[in-house]
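For reference, the structure discussed in these notes is given below.
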Amino acid sequence: MSEKREHWSGNWGFLMALAGSAIGLGNIWKFPYVTGKYGGGAFVLVYLCCIMVIGLPILIGELTIGRTTGLNPIGAFAALCPKRSKLADLLGGIILLSGIALITFSQIGYGILVMLLGAVILYGGWKAIGLISGVITPFLILGYYGVVGGWTLIYAVKAVTGNLVFKTAAEAQAAFTPIQQAAPGTWWYVIGGQLAFMTLCGIILWFGVKKGIERCSKVLMPSLFVLLIVLILRSISLPGASAGIKFFLSPDFSKLSAEAVLVALGQAFYTLSLGMGISIVYGSYVRKETNLPKSVLQLIGLDTMVAMMAGLAIFPAVFAMGFEPAAGEGLVFQILPTAFNMIPGGLGSVWSSFFFIAVSIAALTSGISLMEVIVSVLIDYFKMKRWAAVLFSWSSISILGVFCSISMNSWKNIPWMEKGLTTLFGTPPGSLFLTLDNLTANWFLPAAGMAVSVFVGWVWGVRNAVNEIRKGAGRELDTNFFILLSGMRGESGYGDSYKHIFTPASVWGFFIRFITPVSVMFVFLNMTGAIKFN
Ligand code: PHE
């Protein structure tokens, strides 16, 4: 290793850094909307179950892999996996064959990718998960995430300088479309936003783990919290706000379809930044004294709280100003600037500024966590100095981002790429942006999540993993659940007698082996359209 590995300064710094990664656009533009759509409070309950079934087991698994090896994702899997694994060979073979099948169904682009994946697994065994989730996925995601990050920065600057004043949603749309599509006159502007976003990520990472990621998360995360609280107070005190609160939270169990459960599972997975190598890398900076299960529970609490807060800041204002709820770009870049701007009292720009600064913070801290994954691989594997690793990641991802930005337009400018993508992936004439989004969110992430749980549960082994988790964790980990919950712990005869049966450790082991991989498989089938619900 060319540089000594840094560690988080303590539990708080670790928690804030992890929260910085977890709390992102998913919390702000996705969670509130799907909650409203699929049954409000009822959906929140299902979502919390999904967090427990998928989120918590995999998150602990990834952090543990990172901490025990102290390495980047490729190195970590290489260090833990056996030399040859029949299971990996079998999986690799099946994936290779599926790729060939896809090609015969003229899904050429995906077919080639899947075949490559199978070949990589056959060649490298479990190390392949490290390569895919630790290098390829973060690289591809950040390519388009940086573009959205750029939009958030552009809107934050516009709001602060008082240039985000829309009177109608149509006006907001007219202003956003050219930016979204990087229309000829606004090219430089969109690319500039994306480059600014990537540059900010790069500068923070250049300072390192403790002085960069941790220090900025410790300032930015609490600020995000405060901004949201101010927005909530304003939003829920508007006349007509209650319709928004009702849409967001009033429990409606009739809307809890099978689809709702799958959406909740997918959201639980995405919001905790799983399957992108992030928690492996962040875990590699964790000290042995840190209580991992406790930190993970705190993180889940924070992440869910911010998602709920975002809903309370957004929907009361949206309804009070007479708009329809929506998700994604439409909500954040069209409805909300207009709604916040219309809030009576002449402070419209202040509310939009608060909101867009909050969104930029959420996007930025997620962006740095993704870039850090690639940086850590370059430092460990290629023995680069941190500054060189940052420069290399920054420049290569920015180039991909520039293509993403341009591709949102009508493609007249890069016809060869349009032709290539539409033939290979059948992407609607449109964009590299959408292809990358679809490829990563629907395919790579769930596949990596499944691979991680199978790896931890069956290959590396629950026994090894639990031994690592025990370091820094309290005795609660090995105490019977009923004894913990009944408050009888320490009572003579109750302390240790039911040790190892139905303990947090054994339940985690059971989940990571059986329940979690099967649940992720359902998410996967749903995302890829293999199962459909009406
Ligand atoms: N956890 C993030 C969210 O909820 C997802 C994400 C993390 C996306 C890191 C990109 C990079 O939005």
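When Tyr189, Tyr33, Tyr123, Tyr144 are ordered from fewest to most other Cβ atoms inside 10 Å of their Cβ, what list results? Intermediate results must be reported in sequence, preceding the final value.
Working: Tyr189 16, Tyr33 21, Tyr123 10, Tyr144 26.
Neighbour counts put them in this order, fewest first: Tyr123, Tyr189, Tyr33, Tyr144.
For the range 95-174, report the % of Cα-Cα distances exceeding 19 Å. Don't skip to the answer; put the middle values down first.
Numbers: 1936 of 3160 pairs.
Result: 61 percent of Cα pairs exceed 19 Å.
Cα extents of the chain along the three principal axes, largest first, in whole Å?
67, 58, 50
Quick one: what do you get for the range 40-98 if you divide its Cα Rg by 2.2 N^0.38 Å? Numbers along the way, then the final one.
Working: Rg = 16.7 Å, N = 59, 2.2 N^0.38 = 10.4 Å.
That works out to 1.61 for the range 40-98.
Where in the chain are the helices, taken as whole DSSP H runs, whose Cα atoms extend 30 angstrom or more along the long axis and whose Kyte-Doolittle mean reaches at least -0.5?
Working: long enough: 137-160 (34 Å, 1.26); 215-236 (32 Å, 1.78); 292-320 (42 Å, 1.53); 348-381 (50 Å, 1.60); 386-407 (31 Å, 1.35).
What comes out of the filter, once short or polar helices are dropped, is 137-160, 215-236, 292-320, 348-381, 386-407.
Work out how far the C-alpha atoms of the range 172-301 reach from end to end along every principal axis, then list the three figures in whole Å, largest first.
48, 48, 33
Provide the three semi-axes, in whole Å and in decreasing order, of the ellipsoid equivalent to the range 272-380 as defined by the square roots of 5 times the Cα gyration tensor eigenvalues.
Numbers: eigenvalues 249, 51, 28 Å².
In descending order, the three semi-axes are 35, 16, 12 Å.
Kindly provide the helix-only [θ] at 222 nm of the chain, computed as the sum of -39,500 (n - 2.57) over DSSP H runs of four or more divided by all residues, to the nearest 500 deg cm²/dmol? Present the calculation step by step, with values, prior to reporting the outcome.
Values: 26 runs with 354 residues, N = 534.
Calculated mean residue ellipticity at 222 nm is -21000 deg cm²/dmol.
For a quick protection proxy, order the peptides 48-60, 239-251, 367-379, 298-310 by their average other-Cβ count within 10 Å, most packed first.
Working: 48-60: 22.7, 239-251: 16.8, 367-379: 26.5, 298-310: 20.2.
By packing density, highest mean first, the sequence is 367-379, 48-60, 298-310, 239-251.
Between Ala170 and Ser250, what length in nm is gained on full extension when 0.36 nm per residue of separation is reduced by their alpha carbon distance? Mind dumping the intermediate values first?
Values: separation 80, 0.36 × 80 = 28.80 nm, distance 2.98 nm.
So the chain would gain 25.8 nm between Ala170 and Ser250.
For the pairs Lys37/Lys288; Lys83/Lys210; Lys211/Lys288, flag any whose C-alpha to C-alpha distance is greater than 31 Å. All intermediate terms of the calculation are to be shown ahead of the outcome.
On the way: Lys37/Lys288 42 Å; Lys83/Lys210 35 Å; Lys211/Lys288 20 Å.
Correct reply: Lys37/Lys288; Lys83/Lys210.
Of Lys158, Lys127, how do they rank once you tally other Cβ atoms within 10 Å and put the fewest first?
On the way: Lys158 19, Lys127 22.
Least to most surrounded, the residues fall as Lys158, Lys127.
Over the range 1-119, with a single point scatterer placed on each C-alpha, what log10 of the ratio I(q)/I(0) does the Debye formula yield at q = 0.10, 0.24 1/Å?
The computed values of log10 I(q)/I(0) come out as -0.59, -1.20.
Rounded to a whole number, what is D in µm²/s for the range 53-134 from Stokes-Einstein with the Kirkwood radius over alpha-carbon pairs (4 °C, 1.567 mPa s)? Each step should come with its number before you reach the end.
On the way: Rh = 13.7 Å.
The Stokes-Einstein estimate is 95 µm²/s.
Among the GluC sites (Glu not before Pro) within the range 201-305, which fall in a DSSP loop and have no more than 10 other Cβ atoms within 10 Å of their own Cβ?
Working: sites: Glu214, Glu259, Glu289; in loops: Glu289.
Here the GluC sites (Glu not before Pro) that fit, given the DSSP loop and packing criteria, are Glu289.
Give the cross-link partners of Lys86 among the lysines, using a straight C-alpha distance below 17 Å as the criterion and excluding same-chain residues fewer than 8 apart.
Lys127
Take the Cα pairs of the range 427-479, get the Kirkwood Rh, then feed it into Stokes-Einstein at 37 °C and 0.692 mPa s and tell me D in µm²/s. Intermediate results must be reported in sequence, preceding the final value.
On the way: Rh = 14.0 Å.
Estimated via Stokes-Einstein, D reaches 235 µm²/s.
Using Cα pairs under 8 angstrom and six or more residues apart, how large is the relative contact order of the chain, in percent? List each step's numbers first, then the result.
Details: 881 pairs, mean separation 157.8, N = 534.
Answer for the chain is 30 percent.
Per 5 Å bin, what is the whole-percent P(r) computed from every C-alpha pair distance within the range 77-117?
Here the calculated profile for the range 77-117 is 6, 25, 21, 16, 14, 10, 7, 1.
Once amide H atoms are placed 1.01 Å from N in the peptide plane, what residues at a sequence separation of 5 or more from Phe502, or on another chain, have their amide H within under 5 Å of its amide H?
none
Throughout, read-outs are computed from the coordinates displayed, never taken from laboratory work. Because the structure is a prediction, the values reported are computed rather than measured. Quick reminder, even Gly has a Cβ in these numbers, built from the backbone with ideal geometry, and neighbours come from all protein chains shown.
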